[in-house]
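The structure appears below as structure tokens.
The values are calculated or read from the model by the stated rules, or taken from the named source; none is laboratory data. This one's a predicted model, so the numbers in the text were calculated from it and none came from an experiment. Quick reminder, even Gly has a Cβ in these numbers, built from the backbone with ideal geometry, and neighbours come from all protein chains shown.
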Amino acid sequence: MESSKVRQAFLDFFKSKGHEIVPSSPMVVKNDPTLMFNNSGMAPFKDLFLGNAPIKFPRVADTQKCLRVSGKHNDLEEVGVDTYHHTMFEMLGNWSFGDYFKKDAITWAWELLTDVYKIDKDRLYVTVFEGSTDDGLGFDQEAYDIWKQFIPEERILRGNKKDNFWEMGDMGPCGPCSEIHYDGRADEERAKISGASRVNNDDPQVIEVWNNVFMEFNRKADGSLEKLPAQHVDTGMGFERLVRVLQKKQSNYDTDVFTPLLNKMEELSGLRYKPEDEDKHPKQLIVNIAMRVIADHIRAISFSIADGQLPSNTGAGYVIRRILRRAIRYGYQSLNLKEPFMHRLVPVLSHQLGHAFPELVSQKLLIEKVIKEEEIAFFRTLENGLKRIDQVCANVIKDKKQVVDGTTVFELYDTFGFPIDLTSLIARGYELSIDEEGFQKELEKQKNRSREATAVDTGDWVLVDGRKADEGGREFLGYKQLESEAKIIQYRKVKAKGKEQFQLVLDKTPFYAESGGQVGDTGILETANDKINITDTRKENGIIIHFADKLPENFSQTFVAKVDAQKRNLTENNHSTTHLMHAALRQVLGTHVEQKGSLVNEEYLRFDFSHFSKVTDEEIKGIEAIVNQKIRENIPSDIKEMPIDEARKTGAMALFGEKYGDLVRVVTFDKKYSIELCGGTHV
């Protein structure tokens, strides 16, 4: 079965079971401080599991674009070396939000795998949660009894908390899970060694294909569990692994998900991808790993750029740049590719996945251009790094030493992107060795610095006066007023970089939460006897959170929430200017220009946009002239709320990668000049 048909069969099956088929959320996450990328199928639905958002469809199915490269789910170093880990992958999933639970989830999983996909039942094993004394949870007898209807008991295995209790992170929704594993070994091997002993034992041919998570708990900051408002089902089936099983391949990379990319890599490098030879020929193994790394990484990079995340030196952009440079290094080092090559894979990917993910088609030109510019810059860095290595080796020889110290090796890694094995290879050419232990110490220091810089100790929410968490936190009054009465619903303590702060949720608020590049409002909460400074406002899972340096003495009183009006007005001026600038850029540079990010505060604005070359001085003057002309025209803003389908008919520009609700705000500055969807505040 072709991979495209595998995907469609999954969606069609769950549509027949009453599920709403929804598109993938962007891979890049916005407005969630706990995630940079969606790393699982359930991540986009987190607020539904927590009861923080209304449930529109009780049953949903989708294929979600995911990325795992950092944090708890870190697969980066295994990618390419083994044949089943990936940075970017598709997660097929079906979801129940307070609707069906274990019986239907398990029954449908078995039906799809064995009746629709026709997988050999004798090759399937399942696991159920054995329980945890630490959490006071018993054996999942219910799941076990359901599975007994379909599969012999000797193939129903008990799994520990590590394998059979799914948690998104240190805090948040979680629950016991039941995994389905496939034994892809040859019949002779299966006869010798039972597949039961190979499940969850790092056997590359006995792999997990589907995980059914039964979400019924929320992990609190103190480590304890509390029941969620309702029971949910969250399932995830790795698309690439499923295709491998159905196409009866020994590796994900042997399926038609990856072979078009590998074929293109053979064409570009003049080398062959021969997985059957890598055990016999070390050089072939080097070539194979490099091609697998590149075929994997081009997917992660392309989807990220299509979702609006360009490579940069910070945050999510730095992760994407690191992935891209890792792929370039492998091509340079192992395939002898000395000129930009990654961008030439984009048309192959776009053709292959464009039907399922149309953004790869609409954004193809941008993806190619961004990757090519990054490649050109990094090849320049590689050249400088090679000169630096030559100089370092010459100095070591001059000083009559035989080892390049670890600090220098780390500098080459950190500044020039040189992997330790490449530095070692070049050093050996000078009959020198490198201090690997010293390098590892420097690397660990950097990781510790990074962890300390980003570590946030977050306490549990404390509800005020018996209120419920879903009583407030979403009502924003700040489009029309900068002052209102408000009550505190809940609060919690957070500690970051040694500073202790408090986060407050109000029943309603005039404070704008940071979003769409516009900074959050500041101001005060006050009563006759108390005054709380609000230093920032942000959103988390749709809830508006106010940052304060202290807590009030009396939580039950009614406060007056006052926004800093001068700061808000100056910020609004700059935000409206970004709309004028966006339209001017498209006039001068072309309609391919799209906003890719911004920063709007009371002092200045920064506008990030897609373009294929440096903007000339003449073009900058033209853009400035148009924006200034529009400002002098004193165009009144026309802001309306309307259904998103109606908004699209007006020609309003939507930013790709942004999530829009059913009802949107359309901001117009002269309907012949600028019409955009925007939730920010304006003049």
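For D521, are the conditions met, namely being in a strand (DSSP E or B), acidic (D, E) and touching a Phe, Trp or Tyr at 6+ places or on another chain (Cβ under 7 Å)? No, not satisfied.
Checking each residue in the stretch 153-182 for being assigned to a strand (DSSP E or B), over 30 Å from the mean Cα position of the chain (by Cα) and not β-branched (V, I, T) picks out L157, R158. Can you name every residue in the stretch 1-54 that is small (G, A, S) and either in a loop (DSSP other than H, G, I, E, B) or at pLDDT 85 or above (or both)? If the condition is that a residue be small (G, A, S) and either in a loop (DSSP other than H, G, I, E, B) or at pLDDT 85 or above (or both), then S3, S4, A9, S16, G18, S24, S25, S40, G41, G51, A53 are the ones that fit. Of the numbered criteria (1) part of a loop (DSSP other than H, G, I, E, B); (2) of a type outside the set (V, I, T); (3) without any contact (Cβ under 8 Å) to a residue 24 or more places away in the chain, the one L655 fails is (3). Within the stretch 274-317, being touching a residue at least 40 places away in the same chain (Cβ under 8 Å) and of a type in the set (D, E, K, R) holds for R292, D296, R299, D307. Out of A513, A528, one residue alone is of a type outside the set (V, I, T), outside any strand (DSSP E or B) and in contact with a strand residue (DSSP E or B) (Cβ under 6 Å, 6 or more places away or on another chain). It is A513. Among the residues of the stretch 122-140, those identified as under 22 Å from S194 (Cβ atoms) and either part of a strand (DSSP E or B) or not assigned by TED's automatic domain parsing to the domain that holds K161 (or both) are L124, Y125, V126, T127, V128, F129. Taking E641 as the residue in question, decide whether it is surrounded by fewer than 18 Cβ atoms within 10 Å (Cβ to Cβ) and assigned to a strand (DSSP E or B). So E641 passes the test. For the stretch 55-71, a tally of residues being modelled with pLDDT under 80 and closer than 26 Å to G473 by Cβ returns 0. Counting the residues of the stretch 274-291 that are crowded, with 16+ Cβ neighbours inside 10 Å and not in a helix (DSSP H, G or I) gives 1.
Residue-wise test of (1) within 28 Å of the chain's Cα centre (by Cα); (2) in contact (Cβ under 8 Å) with a residue 40 or more places away in the chain; (3) in a helix (DSSP H, G or I); (4) in the same structural domain as G406 (by TED's automatic domain parsing).
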| residue | (1), (2), (3), (4) |
| --- | --- |
| I426 | no, yes, yes, yes |
| F439 | no, no, yes, yes |
| R467 | no, no, no, no |
| V494 | yes, no, no, no |
| F502 | yes, yes, no, no |
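Within the stretch 642-682, being of a type in the set (D, E) and farther than 21 Å from P26 by Cα holds for E646, D670.
The strands (runs of 3 or more DSSP E) falling completely within the stretch 539-610 that include 3 or more residues that are surrounded by 14 or more Cβ atoms within 10 Å (Cβ to Cβ) and under 24 Å from the mean Cα position of the chain (by Cα) map to 543-548, 595-600, 605-609. F418: of a type outside the set (S, T, Y), part of a helix (DSSP H, G or I) and farther than 30 Å from S556 by Cβ, yes or no? So F418 fails the test. Scanning the stretch 80-95 for residues that are farther than 25 Å from F214 by Cβ, surrounded by 23 or more Cβ atoms within 10 Å (Cβ to Cβ) and among the hydrophobic types (A, V, I, L, M, F, W, C) yields a total of 1. Could you tell me whether any residue of the stretch 139-154 is in contact with a Gly (Cβ under 9 Å, 6 or more places away or on another chain) and either more than 25 Å from S40 (Cα to Cα) or of a type in the set (G, A, S) (or both)? The answer is yes, given that some residue of the stretch 139-154 is in contact with a Gly (Cβ under 9 Å, 6 or more places away or on another chain) and either more than 25 Å from S40 (Cα to Cα) or of a type in the set (G, A, S) (or both).
For the criterion of being among the hydroxyl-bearing types (S, T, Y) and at pLDDT 90 or above, T423 fails.
Please count how many residues of the stretch 611-634 are touching a residue at least 60 places away in the same chain (Cβ under 8 Å) and either outside any loop (DSSP other than H, G, I, E, B) or among the acidic types (D, E) (or both). Here the count works out to 0.
Condition check ((1) out of contact with any helix residue (DSSP H, G or I) (no Cβ under 7 Å at 6 or more places or on another chain); (2) within 22 Å of L268 (Cβ to Cβ)) across all residues:
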position	(1), (2)
V348	no, yes
E368	no, yes
L382	no, yes
R388	no, no
C393	no, no
G406	no, no
D421	yes, no
A427	no, no
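For the stretch 378-416, a residue qualifies if it is within 16 Å of L337 (Cα to Cα), surrounded by 14 or more Cβ atoms within 10 Å (Cβ to Cβ) and either modelled with pLDDT of 90 or more or not aliphatic (A, V, I, L, M) (or both), and the qualifying residues are F378, F379, T381.
Each residue in the stretch 79-118 was checked for being outside any strand (DSSP E or B) and within 22 Å of F258 (Cα to Cα), and 10 of them qualify.
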